[in-house]
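Undergrad: Please read through the structure below; I'll follow up with questions.
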Amino acid sequence: MISHVKKLRGAAAQTEIDKAFATYNVTGKTRAQIVNHILKTYKLSTRYQEFDFEAKLKNNKRVAFEIER
């Protein structure tokens with residue numbers, strides 16, 4: 001259970017995301033590695049029911065996946 005949730009939009013949301021991925025390259029990473037990075041970065045529980053991830057990389061490729069438990 002998440003005790004605190006931030007709801008950000010626009011530039012504030014992008015800034016927060018940029019911090020999480022400033023030194024982390026998703027290229028070549030498994031879904032599990034990406035999920036673990038995000039959970040650790042934001043100190044989130046590993047007990048999630050659904051996880052959606054989508055990113056547009058600098059080379060215009062997209063990485064997207066959804067996990068349902």
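Undergrad: With springs only between Cα atoms under 10 Å, which of N25, N59, N36 fluctuates most in a Gaussian network model of the chain?
TA: The residue that fluctuates most here is N59.
Undergrad: Suppose the chain between R47 and A64 were pulled fully straight at 0.36 nm per residue; how much longer would it get relative to their current alpha carbon spacing?
TA: 4.1 nm
Undergrad: Where does the charge balance sit around K43 when Lys and Arg score +1, Asp and Glu -1, over other residues with C-beta under 14 Å from its C-beta?
TA: Counting the neighbours of K43, the net charge comes to +3.
Undergrad: Gaussian network model of the chain, Cα springs within a sub-10 Å range: biggest mean-square fluctuation belongs to which of A11, A32, A55?
TA: A11
Undergrad: Related question: Find the eigenvalues of the gyration tensor of the Cα atoms of region 10-63, then list the square roots of 5 times those eigenvalues as equivalent ellipsoid semi-axes, largest first, in whole angstrom.
TA: 18, 15, 11
Undergrad: Could you check which residue among K29, K56, K19 shows the biggest mean-square fluctuation in a GNM of the chain with a 10 Å Cα cutoff?
TA: Result for the chain, Cα springs under 10 Å: K56 fluctuates most.
Undergrad: Over region 10-63, with the other protein chains present, what is the accessible area per residue in square angstrom, probe 1.4 angstrom?
TA: Computed with neighbouring chains in place, this is 79 Å² per residue.
Undergrad: With runs of 4+ DSSP H residues as the only contributors, calculate the mean residue ellipticity of the chain at 222 nm using -39,500 (n - 2.57) per run, divided by the residue total and rounded to the nearest 500.
TA: After summing the helix terms and dividing by residue count, I get -10000 deg cm²/dmol.
Undergrad: Hey, another quick one. Roughly how big is the chain's charge dipole about its Cα centre, with Cβ charges of +1 (Lys, Arg) and -1 (Asp, Glu), in debye to the nearest 20?
TA: 180 debye
Undergrad: Residues with beta-carbon under 12 Å from that of T27, excluding T27: net charge, scoring Lys, Arg +1 and Asp, Glu -1?
TA: +4
The values are calculated or read from the model by the stated rules, or taken from the named source; none is laboratory data. Note that the coordinates shown come from a computational prediction; the quantities given were computed from them, not determined experimentally. As a convention, Cβ positions derive from the backbone with ideal geometry for all residues, glycine included, and neighbour counts pool all protein chains shown. Side chains included, ligands, DNA and RNA excluded: accessible areas come from the protein's heavy atoms. Shrake-Rupley method; radii C 1.70, N 1.55, O 1.52, S 1.80 Å.
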